[in-house]
1. I'd like the full set of residues that are touching a strand residue (DSSP E or B) at 6+ places or on another chain (Cβ under 6 Å) and without any contact (Cβ under 8 Å) to a residue 60 or more places away in the chain, limited to the stretch 291-300.
2. For the condition part of a loop (DSSP other than H, G, I, E, B) and within 16 Å of ligand 1 (Cβ to nearest atom), what is the one hit in ARG436, ARG456?
3. Test VAL428 against the criterion of being away from ligand 1 (no atom under 13 Å from the Cβ), aliphatic (A, V, I, L, M) and within 26 Å of LYS384 (Cα to Cα), and give yes or no.
4. Out of the residues in the stretch 401-411 meeting the condition of being free of Cβ contacts under 8 Å to residues at least 60 places away in the same chain and either within 16 Å of ligand 2 (Cβ to nearest atom) or open to solvent by less than 20 Å² (accessible area, probe 1.4 Å) (or both), tell me which one is farthest from the chain's Cα centre (by Cα).
5. How many residues, within the stretch 376-400, are away from ligand 2 (no atom under 16 Å from the Cβ) and either of a type in the set (Val, Ile, Thr) or in a helix (DSSP H, G or I) (or both)?
6. List pairs: first residue in the stretch 162-181 and on the phi > 0 side of the Ramachandran plot, second residue open to solvent by 40 Å² or more (accessible area, probe 1.4 Å) and modelled with pLDDT of 75 or more anywhere in the structure, Cβ distance under 9 angstrom, at least six positions apart or on different chains.
7. Select from the stretch 323-368 the residues that are more than 16 Å from ligand 1 (Cβ to nearest atom), surrounded by fewer than 18 Cβ atoms within 10 Å (Cβ to Cβ) and basic (Lys, Arg) and write down the one among them that is nearest to PHE429 (Cα to Cα).
8. I'd like to verify a number: residues in the stretch 369-387 that are more than 15 Å from ligand 1 (Cβ to nearest atom) and polar (S, T, N, Q), how many?
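The values are calculated or read from the model by the stated rules, or taken from the named source; none is laboratory data. It should be emphasised that the depicted structure is a prediction, and the values quoted were computed from it without experimental measurement. Note: ideal-geometry Cβ built from the backbone for every residue, glycine included; neighbour counts use all protein chains shown. What goes into the accessible areas is simple: the full protein's heavy atoms, side chains included, and nothing from ligands, DNA or RNA. Shrake-Rupley method; radii C 1.70, N 1.55, O 1.52, S 1.80 Å.
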Amino acid sequence: MGKSFDIGLERLTGIGVPGIGETQEGGVKPPLHDAMADLRVGHYSEATERAQPGMAVPQGETFYLETFGCQMNDHDSEKVAGVLLARGYRQVEQPEAAKVILYNTCSIREKAAQKVFSRLGELRPVEESERKWIEERELGLKRADREIGVPGEEDSEQRAGRVKTRRLQSAGKIIGVLGCVAQQEGEGIFERAPWVSLVCGSASYRKLPQLIAELEAGNRRVTGLDTDTDETFETEITRRDNPFRAYLTIIEGCDKACSYCVVPFTRGPERSRASASILEEVRQLAEEGYSEVQLLGQTVNSYADPSARKMRFSELLAAVAEVRGIRRVRFTTSHPRDFGKDIVEAIETHPTICDHVHLPVQSGSTAVLRAMARTYSREEYLEKIALMKAARRPISITTDMIVGFPGETEKDFEETLNLLDEVQYDSVFAFKYSPRPNTPSLKMPDAIPEEEKSRRLAILMDRQREIQRVRNERLVGETFEVLVDGKSRRESQWSGHTSSNRVVNFTSPEQELLGDYVQVKVTMAMPNSLVGEMVGRT
Ligand code: SAM
Ligand code: SF4
């Protein structure tokens, strides 16, 4: 269900490199390489000193934070980590070593949500685990009927899990569920996993320090589940995981109400951050040494400056691009409805704005787009593509697609396939439609069987892979500027990203290149990446 298919560049905002990065639901995570030792902690010590009067800062307490899902979740986790570090917590890499265990969750597709409950099953306290195990054995339940982790018949892996659970429980952990599953399931999580003590949706992250303080003060269960907050989650302390690319959320939530999507329920209404505050953070990032920033939002180009300045998104892009020290500005995800000529003009006039636009289409059929409530037709979408194709600077275009939406006919699917041919995307992230709770499409007739969704996904993947192979072949012989963000274990092998977000693996005899901008000549092309050799520095 909901299998994502990464047939192109890595998941847009990650810095994954084939052979180094690790894929997970919907994406590629930043690779762990030497440069990760160079983690930057924005204003950490300053903020620690000022930390929350009246709230006890626990000495030597530890937290473990695991993130599922998209780059917005990754970045939220960076901010959550910043908040906890400022309260005196220390981050650890194993849940066994942590006092507080947090999962920042994703519920965009069913599989992602299930993963979280299976993680929570691993943390089931031992008495609860024994009780459930005995109960299930008595009831004779089969493994397949289980919702969370504990079996009718225990195998060695599960026994090992219980031993691990015993260790976890004896240490008296605080277990928290954050993000989209938290918002979606709410207090129901306490019923399904009574050992969880904190449930907090992303719209309530500002309350996190207060919620944690309540737990520290002895409260058994706390929740932050408001969705109507008009605030954005700003924190002075963001513990940044990616040493090369700094993420900034400029708009949170979504008002678009696509009929298949949980985001409006889990992330609340759209709230934009004031332009002055965004620009101030970009200046700080540049001072800290970041040269690449990525502006984030579920619909980043629907940005509406809440301050008197009323900057348009394209003006904000230009202003960020002009900050001294910034060499690359990225933005994701753009919604076709709010994508206009002004954004293309900003890209044309500011070389620092990357020549890459991710413009999810979802389907090539106007009938399906209508059923999805996407607010544009195929023709209107193609007009936006034409704007980019007419730009004075080539712009790399990528997209998201859903196959097997209820009622999608063979003809609708054909239209999606020929949209691929017409647009010639540089990368496509394709998903099988996954029915989600509360969404209007859940009740739509003519569901497409799972095998048929898989068949369509495979056909789409093949078609797009061929398009990418041919497109990338044309780049052989060209030279690109690459920001180096990966070093292979193999000698003289490096990797990085072009402005268009293509992954380039290249050779160079240099001793140290991480974080540098270099010129790479392409010598070979694959459907998902380029191979080349360094020919100079920039
Ligand atoms: N806001 C972005 C937009 O409007 O395109 C998309 C954000 S969503 C986190 C990322 C992608 O997940 C979507 O573009 C869509 O392709 C996919 N997606 C969302 N809901 C889905 C569902 N119920 N089943 C399958 N894929 C889904
Ligand atoms: Fe979901 Fe549509 Fe909003 Fe994107 S625009 S987050 S797909 S509701």
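1. At the first step, the residues of the stretch 291-300 found to be touching a strand residue (DSSP E or B) at 6+ places or on another chain (Cβ under 6 Å) are 292-297, 300.
VAL293, LEU295, VAL300 - these are the residues of the stretch 291-300 that are touching a strand residue (DSSP E or B) at 6+ places or on another chain (Cβ under 6 Å) and without any contact (Cβ under 8 Å) to a residue 60 or more places away in the chain.
2. ARG436
3. Numbers: away from ligand 1 (no atom under 13 Å from the Cβ): no; aliphatic (A, V, I, L, M): yes; within 26 Å of LYS384 (Cα to Cα): yes.
Answer is no for this residue.
4. Residues of the stretch 401-411 free of Cβ contacts under 8 Å to residues at least 60 places away in the same chain: 401, 403-404, 406-411.
From what is left, the residues that are either within 16 Å of ligand 2 (Cβ to nearest atom) or open to solvent by less than 20 Å² (accessible area, probe 1.4 Å) (or both) are 401, 403-404, 406, 408.
Values: MET401: 16, VAL403: 21, GLY404: 23, PRO406: 26, GLU408: 27 Å.
Ranking the qualifying residues of the stretch 401-411, first place goes to GLU408.
5. Counting residues in the stretch 376-400 that are away from ligand 2 (no atom under 16 Å from the Cβ) and either of a type in the set (Val, Ile, Thr) or in a helix (DSSP H, G or I) (or both) gives 11.
6. GLY172/LYS99
7. Taking the candidates together, the pick is LYS341.
8. Of the residues in the stretch 369-387, 1 are more than 15 Å from ligand 1 (Cβ to nearest atom) and polar (S, T, N, Q).
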